[in-house]
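First up is the structure itself, then whatever we jot down about it.
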Amino acid sequence: MKNWKPNSWRKYPVKHVPSYESEKELNQVLSKIKSFPPLVFAGETRHLKDQLSQVVDGKAFLLQGGDCAESFAEFNPDNIRDTFKVILQMSLVLTYSASLPIIKLGRIAGQFAKPRSAPTEKQGDKELPSYLGDNVNGIDFTEKSRRHDPKRLFKAYSQSASTLNLLRAFSNGGFADLKNVHLWNLGYIKKSPQAKKFKELEDKIADALAFMDACGINSDFNRRLKTVNFWTSHEALHLPFEESMARIDSTTGECHATSAHFVWIGDRTRQLDGGHVEFCKGIENPIGIKCGPTSKPEEIAKICEAINPKNEKGKITLISRFGHDQVEKFLPKLIRRIKKEGLNVIWSCDPMHGNTIKSTTGFKTRPFNKVLNEVKNVFAVHQSESSYAGGLHIEMTGQNVTECTGGAKNISEQDLSSRYHTHCDPRLNADQALELAFLISDEIKKNSNYARNAIKAAS
């Protein structure tokens, strides 16, 4: 983009960017990070964009999931492995049931910073700055912990690099070999109500693989059977850090955000004249845009045009987050406006954020039935508008937490306190995430077939 630079966002108003006591200290940290290697590479983001272009035409489905906010305290290879496992499990269910390639995109390896509804938090008579994510300050309610510390960005970079290293090993080192699908089960899933369904699926896939092996088609000769493409994403909220990770591709001269393969703009920071939109105008990465009840269709269309002036397929993903009972009120108008402008976008559903409530026991939670209902309502609206619901965006974990109520195990509000570990918003546990995949797989297949027929008729 002409006249655009990674620091161009500084000329525009910004929201939810932390303020630091010492700009000098912050700049020293950022200068050092600029000298660090990129976390992801330009060729990878281009490959992801190519894959996402298939979603626009109803030929693939985007599955995006992971932590609400990664933490330094829970950084552990087992936690990374288990989140990876669950996303693979979900993708396996969706691929087999919906007969579609599933693009696997983790909210991982950089999802630290969080926007908050208020700049300060009060406990009793004490008021301190709000927790903004581990790359900014600590969750402990003390003055020392809540100080905005720029040195935390070093640890965030290091943890992201280590996480990416492990994910690449899992993706390409044989861990994802379809022959070993039975090993992907987590211990507590084997005891869950979904265990029988997953075992049936395992058996069907095993039979198919045995047939392929007899024909000489196996992972020894076909690398695609034992590797997966697994991409990373996070909200591009902390613009000073994102600027320090923006790098020029030596082969094309294009600028890429090398902090993740895919970044998104949140519902609180998608101002057309704001710094977050300005930053995303100049990077080549696929971009997500969160759309909530305050979204105006004409504004979202203008943001899409500003970020994607060439109208590339795979560049823009609109992530709706209305709430299960608000989908029919807001989504049709947005779809119609985007279609009217002829914009190529992926439509993804975030059924988590619009369904957050406070339980009677004082915990923030999300009822599973409302999460499921929002997904189904989104699919229904897209079918009625001859559009394709091509993605699912969820906050989930591979850990056996009790943060969202309901599901097959019927987690109650009284159960929340037993394993409530999130640093910010409640997440689906592995069992609930897998159950969701089973319950929506037929809907995805139906919606894809409907969309492809509509696209064919229109052409």
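Can you pull out the residues in the range 221-267 that are among the charged types (D, E, K, R) and either touching a strand residue (DSSP E or B) at 6+ places or on another chain (Cβ under 7 Å) or closer than 29 Å to residue 2 by Cβ (or both)? First the steps, then the outcome.
First, pick out the residues of the range 221-267 that are among the charged types (D, E, K, R): 223-224, 226, 235, 242-243, 247, 249, 254, 267.
If the condition is that a residue be among the charged types (D, E, K, R) and either touching a strand residue (DSSP E or B) at 6+ places or on another chain (Cβ under 7 Å) or closer than 29 Å to residue 2 by Cβ (or both), then 235, 242, 243, 247, 249, 254, 267 are the ones that fit.
For every residue, the table says whether it meets (1) farther than 30 Å from residue 446 by Cβ; (2) assigned to a helix (DSSP H, G or I); (3) in contact with a Phe, Trp or Tyr (Cβ under 8 Å, 6 or more places away or on another chain).
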| residue | (1), (2), (3) |
| --- | --- |
| 49 | no, yes, no |
| 54 | no, yes, no |
| 58 | no, no, yes |
| 63 | no, no, no |
| 72 | yes, no, no |
| 89 | no, yes, yes |
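Could you say whether any residue in the range 406-416 is part of a loop (DSSP other than H, G, I, E, B), touching a strand residue (DSSP E or B) at 6+ places or on another chain (Cβ under 9 Å) and in contact (Cβ under 8 Å) with a residue 40 or more places away in the chain? So far as the range 406-416 goes, no, none of its residues is part of a loop (DSSP other than H, G, I, E, B), touching a strand residue (DSSP E or B) at 6+ places or on another chain (Cβ under 9 Å) and in contact (Cβ under 8 Å) with a residue 40 or more places away in the chain. When residue 314 is tested against (1) over 20 Å from the mean Cα position of the chain (by Cα); (2) part of a loop (DSSP other than H, G, I, E, B), exactly one condition is not met: (1).
For the range 352-375, the criterion of being at pLDDT below 95, of a type in the set (Gly, Ala, Ser) and buried (at least 22 other Cβ atoms within 10 Å of the Cβ) is met by at least one residue.
Rundown of residues vs (1) of a type in the set (Lys, Arg); (2) within 13 Å of residue 285 (Cα to Cα); (3) more than 17 Å from the chain's Cα centre (by Cα), yes/no style:
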| site | (1), (2), (3) |
| --- | --- |
| 200 | no, no, yes |
| 210 | no, no, yes |
| 213 | no, no, yes |
| 247 | yes, yes, yes |
| 256 | no, yes, yes |
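Once the range 400-439 is narrowed to residues that are modelled with pLDDT of 90 or more, among the hydrophobic types (A, V, I, L, M, F, W, C) and under 18 Å from residue 324 (Cα atoms), the residue that is surrounded by the fewest Cβ atoms within 10 Å (Cβ to Cβ) is 436. Taking first residues from the range 9-30 that are closer than 12 Å to residue 271 by Cβ and partners that are in a helix (DSSP H, G or I), the Cβ contacts under 6 Å between residues at least 6 apart in sequence or on separate chains come to 9/239; 9/275; 9/278; 9/279; 12/275; 12/278; 14/275. Scanning the range 229-266 for residues that are within 15 Å of residue 172 (Cβ to Cβ) and either without any contact (Cβ under 8 Å) to a residue 24 or more places away in the chain or surrounded by fewer than 19 Cβ atoms within 10 Å (Cβ to Cβ) (or both) turns up just one, 229. In this structure, residue 138 does satisfy being under 17 Å from residue 69 (Cα atoms) and touching a helix residue (DSSP H, G or I) at 6+ places or on another chain (Cβ under 7 Å). If you go through the range 362-388 and keep only what is among the basic types (Lys, Arg) and out of contact with any helix residue (DSSP H, G or I) (no Cβ under 8 Å at 6 or more places or on another chain), you end up with just 364. Figure legend. Inter-residue proximity from the range 376-404: first residues more than 20 Å from residue 56 (Cβ to Cβ), second residues among the polar types (S, T, N, Q) and part of a strand (DSSP E or B), beta-carbon distance below 9 Å, spacing 6+ or different chains. Indicated pairs: 394/64; 403/365; 404/365.
Take residue 283 and decide whether it is more than 24 Å from residue 134 (Cα to Cα), of a type in the set (A, V, I, L, M) and more than 19 Å from the chain's Cα centre (by Cα). When the stated conditions are applied, residue 283 does not pass them.
Screening the candidates 176, 156, 161, 210 for the property of being out of contact with any Ser or Thr (no Cβ under 8 Å at 6 or more places or on another chain), over 30 Å from residue 10 (Cβ atoms) and at pLDDT 75 or above yields one hit, 210.
Assessment of the range 64-73 against the conditions (surrounded by fewer than 21 Cβ atoms within 10 Å (Cβ to Cβ) and acidic (Asp, Glu)) yields no matching residue.
Right, residue 114: assigned to a helix (DSSP H, G or I), out of contact with any strand residue (DSSP E or B) (no Cβ under 6 Å at 6 or more places or on another chain) and not polar (S, T, N, Q) or not? Let's see the steps before the verdict.
On the way: assigned to a helix (DSSP H, G or I): no; out of contact with any strand residue (DSSP E or B) (no Cβ under 6 Å at 6 or more places or on another chain): yes; not polar (S, T, N, Q): yes.
Against the criterion (assigned to a helix (DSSP H, G or I), out of contact with any strand residue (DSSP E or B) (no Cβ under 6 Å at 6 or more places or on another chain) and not polar (S, T, N, Q)), residue 114 does not qualify.
One residue is enough: does the range 382-399 have a residue meeting the conditions under 18 Å from the mean Cα position of the chain (by Cα) and modelled with pLDDT under 85? So far as the range 382-399 goes, no, none of its residues is under 18 Å from the mean Cα position of the chain (by Cα) and modelled with pLDDT under 85.
The values are calculated or read from the model by the stated rules, or taken from the named source; none is laboratory data. Computed from a predicted structure; not experimentally measured. Positions of Cβ are generated from backbone atoms using ideal geometry, with glycine treated the same way; all protein chains shown enter the neighbour counts.
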